[in-house]
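Here is the structure we will look at, set down as structure tokens.
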Amino acid sequence: MIENMQKEATKKMVIIKKRNLIFLLIVALLVGSGFTTLLYNQKLDTSNGVTISKQDYDAYKKMEGKYAKLEQLTSYIEDNYYVPVDETQLEEGLYKGLFYGVGDPYSAYLNKEEYNELLIATTGEYSGIGVTIVPDSKGFINVIAPIDDSPAAKAGIKSGDKILKVDDKEYTADTIDAAVSAMRGAKGSKVSITILRNGEVNSFDMRRATIVTKTIKSEIKDGNIGYLRITSFEEKTAEDFAKALRDMEVKGVDGLVIDLRDNPGGLVEISVNIADMLLDSGTVTYTEDRKGEKTYYKSKEGKTSLPYVVLVNGGSASSSEILAAAIKDNHGGKLVGTTTFGKGIIQEINELPNGDAMKLTVMQYFSPKGNVIHGKGIQPDVSISLEESDFTDGVLTNDRQLQKAMELLIKK
């Protein structure tokens, strides 16, 4: 019996030493290049023979206590949950909980499947209903905008709708990635979406379709007014916009309406490139991180000679707001419509060796004049809303915002 006790004591010592080593490695990694400098402080000798500074030792003890609690909780679950737990899922839950603790709906830990879904949504075509969504601060899945000509748009899904269920299964902001997966599926397959709108709950039945985003649409309206709609900011959007703009210039239109309504955003650099075509030299936007470091994005001299008006609404978000704010602050053209969505923060996505990824908000961007966009949006120069009476069976038949924009250009 004494021999068994000695073996058990020896085993515990080995575990403790290994644990100490792990925490010391963590401390060293966290301190990084500043570690050697800290060694000049008062030194303490730990039981495993590694000499570290008092400051590092205190940090190590703090971390040891933090992770000891985590180990206790993990052990409790593994020992007492009524069925064996999946260790991989439990570990993933720890990571997701860490990002959830930030309190930012745009920051998250993504497993491999969720990360791949994100890549599909931003880099290629997919089969689904065609709607851009974000989690909101109240725990709902908020519709920024349906994609033009998508099943969601044809069914009558609108900006500001809250998605409650997909095929009768409930989803919230915390399960938005699962909701995205549920809305995708084979082309032609049926799906039912339950939404909350103005206090009323309604269901919309539709069939999934292949979603291919055409980011630039152009036509010439009555009165020789050109119309360019930007549906999102993707890799080829600036190139396509330049071609469409040049075509309008060659055809000699008298003015241009640029429609950013229900544009959920996309690549920041693309919106900056488009701003460069519409503005002379100046600041388009600037970003600032937690350290106060600012990065400025500039436009160069030389812009279109066409007068233009920009349409915005509550579905205009992110990169759309960068472009709209740049135009407003630099007096490039009038903004017509309603206040924009108000997403003025940027997420950085880092892929991990195992195929998972981290998505973290790392900075926010501001208008050229330093106005905060996030949570506030951009006020139009001319406020005008669309009414229910402007729609027939969910289709906009009386576009008073577009009419006002054209009126401003014709007067010029």
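The values are calculated or read from the model by the stated rules, or taken from the named source; none is laboratory data. The model shown is predicted, which means the values in this text are computed figures rather than measured ones. When we count neighbours, we look across all protein chains shown, and the Cβ atoms used for this are built from the backbone with ideal geometry, even at glycine.
Filter the range 188-202 for residues that are closer than 15 Å to Ile141 by Cα, touching a residue at least 12 places away in the same chain (Cβ under 8 Å) and loosely packed, with under 12 Cβ neighbours inside 10 Å and give the result. Residue satisfying the conditions is Val201 alone. The residue that is surrounded by the most Cβ atoms within 10 Å (Cβ to Cβ), among those in the range 329-375 that are of a type in the set (A, V, I, L, M) and over 22 Å from Tyr297 (Cβ atoms), is Val336. Can you say whether Met277 is farther than 21 Å from Gly342 by Cα, in contact (Cβ under 8 Å) with a residue 12 or more places away in the chain and touching a Phe, Trp or Tyr at 6+ places or on another chain (Cβ under 8 Å), as far as the supplied structure shows? The answer is yes for Met277.
Within the range 119-130, is there a residue that is over 18 Å from Met358 (Cβ atoms) and aliphatic (A, V, I, L, M)?
So the first thing to find is which residues in the range 119-130 are over 18 Å from Met358 (Cβ atoms), and the list is 120, 123-130.
Going one step further and asking which of them are aliphatic (A, V, I, L, M), we end up with 120, 129.
Scanning the range 119-130 turns up at least one residue that is over 18 Å from Met358 (Cβ atoms) and aliphatic (A, V, I, L, M).
Restricting attention to the range 259-282, the residues that are among the aliphatic types (A, V, I, L, M), surrounded by 17 or more Cβ atoms within 10 Å (Cβ to Cβ) and under 18 Å from Gly302 (Cβ atoms) add up to 5. If the condition is being in a strand (DSSP E or B) and either within 27 Å of Leu110 (Cα to Cα) or modelled with pLDDT under 70 (or both), then the range 37-92 contributes Lys43, Leu44, Asp45, Thr51, Ile52.
When the range 357-376 is filtered for residues that are touching a helix residue (DSSP H, G or I) at 6+ places or on another chain (Cβ under 7 Å) and touching a residue at least 60 places away in the same chain (Cβ under 8 Å), the ones remaining, listed by number, are Ala357, Tyr365, Ser367, Pro368.
Can we say Gly302 is under 18 Å from the mean Cα position of the chain (by Cα), surrounded by fewer than 21 Cβ atoms within 10 Å (Cβ to Cβ) and free of Cβ contacts under 8 Å to residues at least 60 places away in the same chain?
Spelling it out, it is not the case that Gly302 is under 18 Å from the mean Cα position of the chain (by Cα), surrounded by fewer than 21 Cβ atoms within 10 Å (Cβ to Cβ) and free of Cβ contacts under 8 Å to residues at least 60 places away in the same chain.
When only residues in the range 217-232 that are closer than 17 Å to Ala153 by Cβ and not polar (S, T, N, Q) count, which is nearest to the chain's Cα centre (by Cα)? Among them, the one singled out is Ile230. Set side by side, the residues Gly226, Gly302, Gly282 differ, and just one is within 30 Å of Val143 (Cα to Cα) and of a type outside the set (Ser, Thr, Tyr), which is Gly226.
Within the range 200-241, the set of residues being more than 21 Å from Met183 (Cα to Cα) and in a loop (DSSP other than H, G, I, E, B) comprises Thr215, Asp222, Gly223, Asn224, Glu234, Glu235, Lys236. Of the candidates Asp161, Asp174, the single residue that is among the acidic types (Asp, Glu) and either at pLDDT 95 or above or surrounded by fewer than 21 Cβ atoms within 10 Å (Cβ to Cβ) (or both) is Asp174.
Inspect all residues belonging to the range 145-166 and state whether any of them is assigned to a strand (DSSP E or B), touching a residue at least 12 places away in the same chain (Cβ under 8 Å) and either closer than 20 Å to Phe233 by Cβ or of a type in the set (Phe, Trp, Tyr) (or both). Within the range 145-166, one or more residues are assigned to a strand (DSSP E or B), touching a residue at least 12 places away in the same chain (Cβ under 8 Å) and either closer than 20 Å to Phe233 by Cβ or of a type in the set (Phe, Trp, Tyr) (or both).
Counting only strands (runs of 3 or more DSSP E) that sit completely within the range 316-382, those holding 1 or more residues that are in contact with a Leu (Cβ under 7 Å, 6 or more places away or on another chain) and within 14 Å of Val268 (Cα to Cα) correspond to 345-351. Screening Glu249 on (1) among the acidic types (Asp, Glu); (2) free of Cβ contacts under 8 Å to residues at least 40 places away in the same chain; (3) loosely packed, with under 15 Cβ neighbours inside 10 Å shows it passes everything except condition (2). Quick check on the range 316-339. Is at least one of its residues of a type in the set (S, T, N, Q), on the phi > 0 side of the Ramachandran plot and under 22 Å from the mean Cα position of the chain (by Cα)? Within the range 316-339, one or more residues are of a type in the set (S, T, N, Q), on the phi > 0 side of the Ramachandran plot and under 22 Å from the mean Cα position of the chain (by Cα).
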